[in-house]
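Down below is the structure, laid out as structure tokens.
The values are calculated or read from the model by the stated rules, or taken from the named source; none is laboratory data. Worth saying up front: this structure is predicted, and the values here are computed from it rather than measured. Ideal geometry is used to build each Cβ from the backbone, glycine not excepted, and the neighbour counts take in all protein chains shown.
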Amino acid sequence: MIIVIGLCPICDREMWMNNFIDKHHFLPKCKGGRETEWVHQVCHRKIHSVFTESELAKEYNNADMVKSHPEMIKFVKWVSKKEPDFYDRTVTHNRKRRK
């Protein structure tokens, strides 16, 4: 049985319980954020590959702002055609911090 927990705030696809979903702090914990929202893992990894923690805190601290970035627009267009349980291991997390 598939349990739908809502729509991903990034790609607007259904999120299924126990299928590649994460909690994301739109305002990073290291910048004082406490609130989290469920997002697909592939969307979560893309967010962190595009933005630094400082960028997320200052400019991209909500789903609408994240989705307005040109690279995220391109990503959402691509991922929105995938099934809700799609996960691509090639979408990687950027561990380097840009200055």
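So is residue 6 out of contact with any Pro (no Cβ under 6 Å at 6 or more places or on another chain), in a strand (DSSP E or B) and small (Gly, Ala, Ser) or not?
On the way: out of contact with any Pro (no Cβ under 6 Å at 6 or more places or on another chain): yes; in a strand (DSSP E or B): yes; small (Gly, Ala, Ser): yes.
So residue 6 passes the test.
Among 53, 35, 59, which is the only one that is more than 22 Å from residue 88 (Cβ to Cβ) and in contact with a Lys or Arg (Cβ under 8 Å, 6 or more places away or on another chain)? Full working, then the answer.
Details: 35 fails: in contact with a Lys or Arg (Cβ under 8 Å, 6 or more places away or on another chain); 59 fails: in contact with a Lys or Arg (Cβ under 8 Å, 6 or more places away or on another chain).
So the residue among 53, 35, 59 that is more than 22 Å from residue 88 (Cβ to Cβ) and in contact with a Lys or Arg (Cβ under 8 Å, 6 or more places away or on another chain) is 53.
Can you tell me which residue in the stretch 46-68 is nearest to residue 20 (Cα to Cα), limited to those that are touching a Phe, Trp or Tyr at 6+ places or on another chain (Cβ under 7 Å) and of a type outside the set (A, V, I, L, M, F, W, C)?
Selected residue: 46.
When the stretch 23-39 is examined, which residues are found to be of a type outside the set (A, V, I, L, M, F, W, C), surrounded by 17 or more Cβ atoms within 10 Å (Cβ to Cβ) and either out of contact with any strand residue (DSSP E or B) (no Cβ under 6 Å at 6 or more places or on another chain) or part of a loop (DSSP other than H, G, I, E, B) (or both)?
Going residue by residue through the stretch 23-39, those that are of a type outside the set (A, V, I, L, M, F, W, C) are 23-25, 28-29, 31-37.
Add one more test, that the residue is surrounded by 17 or more Cβ atoms within 10 Å (Cβ to Cβ), and what stays is 24-25, 28.
Of everything in the stretch 23-39, those that are of a type outside the set (A, V, I, L, M, F, W, C), surrounded by 17 or more Cβ atoms within 10 Å (Cβ to Cβ) and either out of contact with any strand residue (DSSP E or B) (no Cβ under 6 Å at 6 or more places or on another chain) or part of a loop (DSSP other than H, G, I, E, B) (or both) turn out to be 25, 28.
If I go through the stretch 56-71 residue by residue, how many of them are in a helix (DSSP H, G or I) and touching a residue at least 12 places away in the same chain (Cβ under 8 Å)?
Within the stretch 56-71, the first condition is being in a helix (DSSP H, G or I), and the residues that meet it are 56-58, 63-68, 70-71.
The next check asks that each one be touching a residue at least 12 places away in the same chain (Cβ under 8 Å); those that pass are 56-57, 63, 66-67, 71.
So the answer is 6.
What number of residues within the stretch 72-90 are touching a Phe, Trp or Tyr at 6+ places or on another chain (Cβ under 8 Å) and either at pLDDT below 90 or not in a helix (DSSP H, G or I) (or both)?
Within the stretch 72-90, the subset touching a Phe, Trp or Tyr at 6+ places or on another chain (Cβ under 8 Å) is 79, 84-87.
Add one more test, that the residue is either at pLDDT below 90 or not in a helix (DSSP H, G or I) (or both), and what stays is 84-87.
Total meeting the criteria: 4.
Does residue 44 satisfy being part of a helix (DSSP H, G or I) and either hydroxyl-bearing (Ser, Thr, Tyr) or touching a strand residue (DSSP E or B) at 6+ places or on another chain (Cβ under 6 Å) (or both)?
Numbers: part of a helix (DSSP H, G or I): yes; either hydroxyl-bearing (Ser, Thr, Tyr) or touching a strand residue (DSSP E or B) at 6+ places or on another chain (Cβ under 6 Å) (or both): yes.
For residue 44, the condition - part of a helix (DSSP H, G or I) and either hydroxyl-bearing (Ser, Thr, Tyr) or touching a strand residue (DSSP E or B) at 6+ places or on another chain (Cβ under 6 Å) (or both) - is met.
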